[in-house]
Amino acid sequence: MKLASIKEGRDGRLVVVSDDLTMQASAGAIAPTLQSALENWERLAPALQKLSEDLASDKIKGEAFEPAQCAAPLPRSFQWVDGSAYVNHVELVRKARGAQMPDSFWTDPLVYQGGSDSFLGPQDPIPLGSEDWGCDCEAEIAVIVDDVPMGVDAIRAREHIKLILLVNDVSLRNLIPAELAKGFGFFQSKPSSAFSPVAVTPDALGSAWDGAKLHFPLLTKINDEMLGAPNAGVDMTFDFGQLIAHAAKTRKLCAGTIVGSGTVSNRGPDGTPGRAIADGGVGYSCIAEVRTIETIHTGQAETSFLKYGDRVRIEMLNNDGDSIFGRIDQVVSR
């Protein structure tokens, strides 16, 4: 089952979307918003699934699905917890700013609590106050949970994953060092994130979803040039069950909490940080990794961060080449 929120009011209007992302049907008679559906998931999910099946079999008349009309599946959330599950990425970006990575990062998940009051839709512009801020894309996977009890373990946490979606977690790289130096975390350097047009139930992903990881390449393009296609199921040091359990160690998580994977990042087959697609690798999901590799090889970063007018596209395809979540397609705007 695939769900989307059409732009309407603060929280959008819930629709079910066909598997091929061409048709939609209003779910308003079941739940007006995705948040309300998640708060009553056990009771309402069967009715949403039935609506999805009726749309697929033409038992009901749908209307054309237009991603440009979509807000984020959750236009705002009670909580956005973003991790750094791909420790290869953590190691690279810390190296870029001259910071050592503690050994504990390989055994203890790294997460932060991000702003969740104003997410961007999949085709909304990336608003940027200054190119000097070092605007970067970060292609990620995220999950949405129902109510998660405090102290849940990593295996039971998997049962609370109700939806999967894609994220462009925008980072302002040149603002990060000064903020982190204060010892109090990100804020200005982590503006609004954007999400894929649809969120997908685990059963719709087939064997690619193993209960805690999604095993498909995540494609990122900048201005029509492929930046990377790392596999989201590879080199994920902490799976989503572990990330959820970590977040719920000292508190319960309310329905509608979004948990992000952090930037998808693969090492090279020889254990090196990874190579660009042009060099036979799978590439990268953010510009910061490109710049770090350039610095390692040549002594300086050559690739610039995003400029006004640059276009970022993030997408995941199934084995038949069909888009699973729809495409995040954004242009950097002044």
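Yes or no, residue by residue, for (1) within 25 Å of SER196 (Cβ to Cβ); (2) over 22 Å from the mean Cα position of the chain (by Cα):
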residue	(1), (2)
THR263	yes, no
GLY274	yes, no
GLY280	no, yes
TYR308	yes, yes
MET316	yes, no
ILE324	yes, no
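Among the residues of the stretch 258-297, which ones are over 28 Å from LEU175 (Cβ atoms) and of a type in the set (A, V, I, L, M, F, W, C)?
ILE277, ALA278, VAL282
Restricting the search to the stretch 172-229, which residues are open to solvent by less than 50 Å² (accessible area, probe 1.4 Å), part of a helix (DSSP H, G or I) and among the charged types (D, E, K, R)?
The one that is open to solvent by less than 50 Å² (accessible area, probe 1.4 Å), part of a helix (DSSP H, G or I) and among the charged types (D, E, K, R): GLU179.
Considering only the stretch 62-73, state which residues are open to solvent by 30 Å² or more (accessible area, probe 1.4 Å) and touching a residue at least 24 places away in the same chain (Cβ under 8 Å).
Across the stretch 62-73, the qualifying residues are GLU63, ALA64, PRO67, ALA68, GLN69.
Out of (1) part of a helix (DSSP H, G or I); (2) open to solvent by less than 40 Å² (accessible area, probe 1.4 Å); (3) over 29 Å from LYS190 (Cβ atoms), the odd one out for ALA37 is which?
Of the numbered conditions (1) part of a helix (DSSP H, G or I); (2) open to solvent by less than 40 Å² (accessible area, probe 1.4 Å); (3) over 29 Å from LYS190 (Cβ atoms), the odd one out for ALA37 is (3).
For the stretch 233-248, give me each residue that is open to solvent by less than 10 Å² (accessible area, probe 1.4 Å), closer than 17 Å to SER77 by Cα and either in a loop (DSSP other than H, G, I, E, B) or small (Gly, Ala, Ser) (or both).
Passing the criteria: only ALA248.
Considering each residue of the stretch 139-160, count those that are within 26 Å of ALA229 (Cα to Cα) and open to solvent by 10 Å² or more (accessible area, probe 1.4 Å), and give that number.
Summing the residues that are within 26 Å of ALA229 (Cα to Cα) and open to solvent by 10 Å² or more (accessible area, probe 1.4 Å) in the stretch 139-160 gives 1.
Looking only at the stretch 249-268, filter to residues that are closer than 20 Å to SER118 by Cβ and among the β-branched types (Val, Ile, Thr); which one of those is surrounded by the fewest Cβ atoms within 10 Å (Cβ to Cβ)?
Here the residue is THR257.
Any residue at all in the stretch 262-277 that is more than 22 Å from LEU110 (Cβ to Cβ) and of a type in the set (A, V, I, L, M, F, W, C)?
Scanning the stretch 262-277 turns up at least one residue that is more than 22 Å from LEU110 (Cβ to Cβ) and of a type in the set (A, V, I, L, M, F, W, C).
Conditions tested, residue by residue: (1) assigned to a loop (DSSP other than H, G, I, E, B); (2) more than 30 Å from ILE293 (Cα to Cα); (3) open to solvent by less than 30 Å² (accessible area, probe 1.4 Å); (4) not basic (Lys, Arg).
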position	(1), (2), (3), (4)
ASP11	yes, yes, no, yes
VAL15	no, yes, yes, yes
ALA25	no, yes, yes, yes
ALA29	yes, yes, no, yes
PRO75	yes, yes, yes, yes
ASP82	no, no, yes, yes
ASP108	yes, no, no, yes
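Could you figure out which of (1) touching a Gly at 6+ places or on another chain (Cβ under 9 Å); (2) surrounded by fewer than 13 Cβ atoms within 10 Å (Cβ to Cβ) isn't true of ASP103?
(1)
State all residues of the stretch 136-175 that are among the β-branched types (Val, Ile, Thr), over 18 Å from the mean Cα position of the chain (by Cα) and either within 25 Å of PRO75 (Cα to Cα) or modelled with pLDDT under 95 (or both); if no residue qualifies, say none.
Passing the criteria: only VAL148.
The values are calculated or read from the model by the stated rules, or taken from the named source; none is laboratory data. All figures in this text were calculated on a predicted structure; none of them were measured in a lab. Counting neighbours? That spans all protein chains shown, and the Cβs are built from the backbone with ideal geometry, glycine included. Keep in mind that these areas ignore ligands, DNA and RNA; they rest on the heavy atoms of the full protein, side chains included. Shrake-Rupley method; radii C 1.70, N 1.55, O 1.52, S 1.80 Å.
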